[in-house]
Amino acid sequence: MKIAIAGAGAMGCRFGVKLQNAGNDVTLIDNWADHVAAINTTGLTVTADDGTDHVTAMTAAAPQDVTDHFDLIILFTKAMQMDHMLTELGDVLSNQPVVLTLANGIGNIETIEKHVPKNRVVAGTTIWSSSLTGPGHITVTGTGSISLQAIVPNEFPDLPDVLNTFNDAGLNASVAEDVLAAIWKKAGLNSVLNTYCTLFDCNIGEFGALPNWRTLNDAVLDEFQAVADAAKIHFDAQTVTELIAAQFDPTTNGGHYPSMHQDMAKHRPTEVDFLNGYVAKLGAQLNVSAPINANLAQQIHAKESLLGI
Ligand code: NAD
C-alpha cells in the first residue's frame, strides 16, 4: 500500500518504520525541517528496548514538497497541529485517500471532516508508545495494539484492507465496536492522569499514592459523564476510574510520566484543549456546566505561558 504518515514524530516514525519493513511504500511528512533532513541524510534511528540502535533508510518531506497521491494517509500530528497539516496537504488529498488518525484527544474527527469526506475517515486509539529523542531518532519500548473503525462503517468497504495492512506490519489492529466511546474513554484517562501529573510534576504512581486522588479523579470524570450523556456518547466514569487505578502499579505504568508532562518538560504545547478543554467547550454548547475541566485547562495554559510556550 502507498502510505503517507502526516506528522512523523514519535508515533508516526514508529508506525512508519514498521509499515515500511512490511513492504509498504511509506513517505514521512513533517514540518520539523531538521528532523526531515536527518531522516533523508542518515536514515531513521530507532533505539529499542535493549538499547540497540536500528537505522532504516526512509523518505521524508515537508508537506509543501509532497505532490504524490496515497492510498492511506495516517495523521499522527498532535491534535492541535492537525488542521494546519490537513490544510498544507491540499492537493495531496484530492484523490480521496483513506485518512486515519489514532491521535489522542476528542474533536479530531471534526477537524478531519473539514478537509476529507466523512466516508473516507477512519479513527481509533492505540496503546503503542514512542518518544522522539531528537531529529531522526526515536526510542521505543514494549508492544501495543490499535482499535479502529470507519466513521461511516456501512459506507467504508476498505476496512479489511486497512486492518490487514496494520496486522501484516505486526501492529495488532482490531475493530472498535463504538469508536467514539473508545476515544472518550482514552480522553477521560488522559484528562485525569496527563493533566494532574503535569500540574503536580509527578509520575502516575505518585498521583495514585495521593490520599485524595479519587476526589480529584471524580471531579474530572463526573463532568465527563454529564457531558457525554448530553452528547449521547457512551461513557462510563466507573470503568475509566478502574482503568486509571490499574496504571498506578510500578509494574504497569506507575513510573511513567504522561505525554503532557513530557511536552511541558520539552517546552512544547500540550493537547489540553482536546482533553479537559474540549469537554468544557462541548458542555457549554450543550448547557452542561463543566467548571473543573475548564479550570484545569486554564491552569495548564497558565503553566505553558509561564514557560513561554
Ligand atoms: P510528537 O510530539 O513526537 O510529534 C508530533 C509533531 O510534533 C511531529 O510533527 C513532530 O515532528 C513535531 N515535533 C516534536 N518535537 C518537535 C520539536 N522539538 N521541534 C519541532 N517539531 C517537533 O507526537 P507523538 O508523541 O508522536 O504524538 C502524536 C499523537 O499520538 C498525539 O495525539 C499523542 O497524544 C498520541 N499518542 C502518543 C503516544 C506516545 O507514546 N508518544 C501514544 C499514544 C498516542
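Any read-out appearing in this document is the output of simple, stated calculations on the displayed coordinates, not a laboratory observation. Computed from a predicted structure; not experimentally measured. Note that we place each Cβ from the backbone using ideal geometry, even for glycine, and neighbour counts take in every protein chain shown.
Between residue 154 and residue 214, the modelled labels are 4.4 nm apart [label points 7 Å from Cα along Cα→Cβ].
I'd like the antiparallel share, as a percent to the nearest 5, of DSSP beta bridges with both residues in the chain.
That works out to approximately 30 percent antiparallel.
Let me have the relative contact order for region 26-118, percent, based on Cα pairs under 8 Å that are six or more residues apart.
25
With a ≥ b ≥ c taken as the square roots of the eigenvalues of the C-alpha gyration tensor of region 34-105, please select rounded if a/c is under 1.5 and otherwise prolate if a/b is larger than b/c or oblate if it is not? Since a/c reaches 1.5 and a/b is larger than b/c, the shape of region 34-105 is classed as prolate.
For region 49-197, the share of DSSP beta bridges that are antiparallel, to the nearest 5, is 45%. Give me the net charge of residue 214's neighbourhood, meaning all other residues with Cβ under 13 Å from the Cβ of residue 214; Lys, Arg count +1, Asp, Glu -1. So the surrounding residues net to -3. The long axis of helix 291-306 is offset from the longest Cα principal axis of the chain by roughly 60 degrees.
Could you give the C-alpha radius of gyration of the chain expressed as a fraction of 2.2 N^0.38 Å, taking N as the number of residues it contains? Please report the intermediate quantities before stating the final value.
Numbers: Rg = 19.0 Å, N = 309, 2.2 N^0.38 = 19.4 Å.
The chain yields a ratio of 0.98.
Between the helical axis of 179-200 and the longest alpha-carbon principal axis of the chain there is an angle of about 70 degrees.
Remark: the residue 245-residue 164 segment gains 25.8 nm on full extension, using 0.36 nm per residue and subtracting the alpha carbon distance. Classify region 146-228: rounded, prolate or oblate, from the alpha-carbon gyration tensor (a ≥ b ≥ c, eigenvalue square roots; a/c under 1.5 rounded; otherwise prolate if a/b is larger than b/c)? Because a/c hits 1.5 or more and a/b fails to exceed b/c, region 146-228 counts as oblate.
Taking the C-alpha atoms only, the angle from helix 33-42 to the longest principal axis of the chain is near 50 degrees. Rg and Dmax, both from the Cα atoms of region 105-158 and both in Å, are 14.8, 42. Once the Cβ-Cβ distance of residue 119 and residue 201 is raised to the sixth power relative to R0 = 41 Å, the FRET efficiency obtained is 0.40.
Net charge dipole, region 9-130: roughly 320 debye, given to the nearest 20, about the Cα centre with Cβ charges of +1 for Lys and Arg and -1 for Asp and Glu. Here the 3J(HN,Hα) profile of region 6-14, calculated from phi with Karplus coefficients 6.51, -1.76 and 1.60 at θ = phi - 60°, is 9, x, 9, x, 4, 6, x, 5, 5 Hz, Gly and Pro shown as x. If you take all other residues with their beta carbon under 12 Å from the beta carbon of residue 171, and give Lys and Arg +1 and Asp and Glu -1, the sum is +1. Remark: the residue 266-residue 41 segment gains 78.5 nm on full extension, using 0.36 nm per residue and subtracting the alpha carbon distance.
For region 9-142, the Kirkwood estimate of the hydrodynamic radius, built from every pair of different alpha carbons, is 15.3 Å. Using only Cα atoms, locate the centre of region 251-309 and the centre of region 1-27, then give the distance between them in Å, rounded to an integer. Cα centres, region 251-309 to region 1-27: 28 Å.
Classify region 162-309 from the C-alpha gyration tensor, please: rounded if a/c falls under 1.5, else prolate or oblate depending on whether a/b exceeds b/c.
Note, shape of region 162-309 comes out rounded.
FRET efficiency for the pair residue 32 and residue 307, taken as 1/(1 + (r/R0)^6) with r the Cβ-Cβ distance and R0 = 30 Å, rounds to 0.95.
Listed by chain and number, the lysines whose C-alpha is less than 29 Å from the C-alpha of residue 185, apart from same-chain residues fewer than 8 away, are 18, 78, 114, 118, 232, 266, 281, 303.
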